[in-house]
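Have a look at the structure below before the remarks.
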Amino acid sequence: MSETKNEWPLWEVFVRSKAGLDHKHCGSLHAADAQMAIQLARDVYTRRQEGTSVWVVRSDQITASDPGEKSSYFDPMEDKVYRHPTFYALPKSLDHM
Amino acid sequence: MPASITVSSHPSVQYLLRIGDTCLIYAQRLGEWSGHAPIVEEDIALTNMALDLIGQARALLTRAGSLEAELGGEAHDEDQLAFLRDERDFRNCTVVELPRGDFAVTMLRNCALAIFLKLLWERLADSSDAEVAAIAGKAVKEARYHHEHAAGWVVRLGDGSAESAARSKAALELLWPYFAEIFEDDVVDDAALASGLGPRWSALADAWRAEFGAVLAAAKLEPPVARAFRSTGKSGKHSEHLGFVLAEMQTLQRTYPGGVW
């Protein structure tokens, strides 16, 4: 690519709200490097006590499924309810699962 | 317009005002970046830091005002101290009232001040005044982050492009003479040491030079040579810039006394 680099790369931000929970994607931001991305993520996304841990990853490092293939990728699962484990009779002691 | 208040000249009150006013005036300067920083993320970061400093200033001014009453004088609240004092009664170091300058000035000043405040809060955590110790315990965490954030920028700019390096060098030359004032003691420091309220600020000088020097070295910036010039903000004799800061900061309370929203 020959375009001039006048914009900082984009980073995706993942925040863990408390210990034991997963990191959840909460947005993105521009930053020059990983360290700056972490700092800015802290300032932009956790300033109201939203987090206890932050991950950042360069957006261009994420490989995503093709939206054009949505129908072949995801639609076939529509009529396959038997893949949910809800057809088994559970022992009484586990019934609340 | 409400009359200006007169504040106790007791050294303990003065000591707390020096810290509180330094935080307050610097927060006012940092706040000027709100809506003007080069990127929105940094805009939010700088405003967050300004708010941290406002929080520290509020706590210290509140304590200074209650201490006035304990010493037998008239009590003042944080708002009176912030909005109804005249320029000569402000005790901030002169360096924080200088215009915000470009990003190099802002980040170098942030870094130098954050290191100083961090060292000061660390010592104040052992203050004989329990309230001051509690304020320091909370503030030191904020100062550590301010240090880390600003140091990253100082290195990035100082060791960056030819333009950013030249601006960083100019910023350091501009600010350097004003740092000396911070570490020069007077009777207020002596009294604070004697009462256990806090350290003499000169006691922080070596650690500050080492930490700030390490950041400058990483940024490929040379500490400028010492000069005879001394600013005198801590004793109330300010640069021509503070008046403008106060005019903007105080106009609302002076025009609508006690106004709230």
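The values are calculated or read from the model by the stated rules, or taken from the named source; none is laboratory data. Just so it is clear, the structure is predicted and the values come from calculations on it, not from any experiment. When we count neighbours, we look across all protein chains shown, and the Cβ atoms used for this are built from the backbone with ideal geometry, even at glycine. In case anyone asks, the SASA skips ligands and DNA or RNA and just uses the protein heavy atoms, side chains included. Shrake-Rupley method; radii C 1.70, N 1.55, O 1.52, S 1.80 Å.
Averaging Cα coordinates gives a centre for the range A:1-74 and one for the range B:65-82; these two points are 47 Å apart. Of the residues B:LEU174, B:LEU46, B:ALA162, the one whose Cα sits farthest towards the positive end of the charge dipole of the range B:11-252 is B:ALA162 (charges of +1 on Lys and Arg Cβ, -1 on Asp and Glu Cβ, taken about the Cα centre). Over the range B:1-46, the hull volume per residue, using the convex hull of the C-alpha atoms, is 86 Å³.
Counting only other chain Cβ atoms within 10 Å of each residue's Cβ, the peptide B:35-43 averages 4. Ordered from largest to smallest accessible area (heavy atoms of protein chains, 1.4 Å probe), the residues A:ILE38, A:ILE62, B:ILE115 come out as A:ILE62, A:ILE38, B:ILE115. As a length-normalised measure over Cα pairs under 8 Å and 6 or more apart, the relative contact order of the range B:166-232 settles at 44 percent. Exposure check, 1.4 Å probe, all protein chains in place: B:LEU61 carries approximately 0 Å² of accessible surface.
Placing one equal scatterer on every Cα of the range A:18-62 and applying the Debye formula, the log10 ratio I(q)/I(0) at q = 0.14, 0.25, 0.30 Å⁻¹ is -0.32, -0.96, -1.25.
Between amide H atoms placed 1.01 Å from N, distances below 5 Å from A:SER28 occur with A:VAL13, all of them 5 or more places distant or on a separate chain. Helices of chain B meeting both criteria, an alpha-carbon length of 18 angstrom or more along the long axis and an average Kyte-Doolittle score not below 1.0, with helices taken as full DSSP H segments, are B:103-124.
Go ahead and run the numbers for FRET between B:ALA228 and B:LEU71, Cβ-Cβ distance against an R0 of 45 Å, rounding to 0.05.
Taking R0 as 45 Å, the efficiency between B:ALA228 and B:LEU71 is 0.80.
The share of C-alpha pairs in the range B:142-261 whose separation exceeds 27 Å stands at 39 percent. Inverting the pair-averaged 1/r between distinct Cα atoms of chain A gives 17.3 Å as its Kirkwood hydrodynamic radius.
Using a 1.4 angstrom probe on protein heavy atoms only, which residues from the range B:114-160 are buried by at least 50 Å² of accessible area when all chains are present rather than their own chain alone? Going by heavy-atom accessible area, the residues of the range B:114-160 that drop by at least 50 Å² are B:TYR145, B:ARG156.
In this entry, the protein assembly as shown is assigned a mean projected area of 27.6 nm², taken as a quarter of its C-alpha convex hull surface. Rolling a 1.4 angstrom probe over the protein heavy atoms with all chains in place gives the protein assembly as shown an accessible area of 53 Å² per residue.
Going down the list A:LYS24/B:LYS141; A:LYS18/B:LYS138; A:LYS18/A:LYS70; A:LYS24/A:LYS92; A:LYS24/B:LYS220; B:LYS169/B:LYS234, which pairs span over 29 Å between their C-alpha atoms?
Working: A:LYS24/B:LYS141 25 Å; A:LYS18/B:LYS138 21 Å; A:LYS18/A:LYS70 33 Å; A:LYS24/A:LYS92 35 Å; A:LYS24/B:LYS220 39 Å; B:LYS169/B:LYS234 26 Å.
A:LYS18/A:LYS70; A:LYS24/A:LYS92; A:LYS24/B:LYS220, as the Cα separations exceed 29 Å there.
Interface burial in the range A:20-49, defined as at least 10 Å² less accessible area with all protein chains than with the chain alone at a 1.4 Å probe, covers A:LEU29, A:HIS30, A:ASP33, A:GLN35, A:MET36, A:GLN39, A:LEU40, A:ARG42, A:ASP43, A:VAL44, A:ARG47. For trypsin sites (Lys or Arg not before Pro), no site in the range B:178-223 is both called loop by DSSP and has at most 11 other Cβ atoms within 10 Å.
Scanning chain A for GluC sites (Glu not before Pro) in DSSP loops with at most 16 neighbouring Cβ atoms within 10 Å leaves A:51-97 as the longest stretch between them. Using θ = phi - 60° in the Karplus curve 6.51 cos²θ - 1.76 cosθ + 1.60, the 3J(HN,Hα) couplings for the range A:35-40 round to 4, 5, 4, 5, 4, 5 Hz; x is entered for Gly and Pro. Please give the FRET efficiency for A:ASP66 paired with A:ILE38, using the beta carbon to beta carbon distance and R0 = 30 Å, rounded to the nearest 0.05. After rounding, the FRET efficiency stands at 0.50.
Heavy-atom accessible area for A:CYS26, with the other protein chains in place and a 1.4 Å probe, reaches approximately 60 Å². Springs between Cα atoms under 10 Å define the GNM used for chain A, and in it the highest mean-square fluctuation of A:ASP75, A:ASP43, A:ASP33 occurs at A:ASP75.
Debye sum, Cα scatterers, the range B:121-208, no solvent: what log₁₀ I/I(0) at q = 0.15, 0.21 1/Å? Summing over Cα pairs of the range B:121-208 leads to -0.74, -1.05.
Report the GluC sites (Glu not before Pro) located in the range B:68-163 that are in a DSSP loop and have at most 14 other Cβ atoms inside 10 Å of their Cβ, or state none. Kindly include the intermediate steps, with their values, before the conclusion.
Values: sites: B:GLU68, B:GLU70, B:GLU74, B:GLU78, B:GLU87, B:GLU97, B:GLU122, B:GLU131, B:GLU142, B:GLU148, B:GLU163; in loops: B:GLU74.
Counting only loop positions with at most 14 other Cβ atoms within 10 Å, the GluC sites (Glu not before Pro) in the range B:68-163 are B:GLU74.
With q set to 0.14 Å⁻¹, the log10 of I(q)/I(0) for the range B:11-252, from the Debye formula over equal scatterers at the Cα positions, is -0.88.
For chain B, the relative contact order works out to 25 percent when only alpha carbon pairs closer than 8 Å and six or more residues apart are counted.
Leaving ligands and nucleic acids aside, the B/A contact buries around 1200 square angstrom of accessible area in total at a 1.4 Å probe radius. Centre-to-centre separation between the Cα atoms of the range B:227-255 and those of the range B:142-165: 27 Å. In the complete set of protein chains, residue-level accessible area for B:LEU71 is approximately 80 Å², probe 1.4 angstrom. Ligands, DNA and RNA left out, the accessible area of the protein assembly as shown computed with a 1.4 Å probe is 56% carbon and sulfur.
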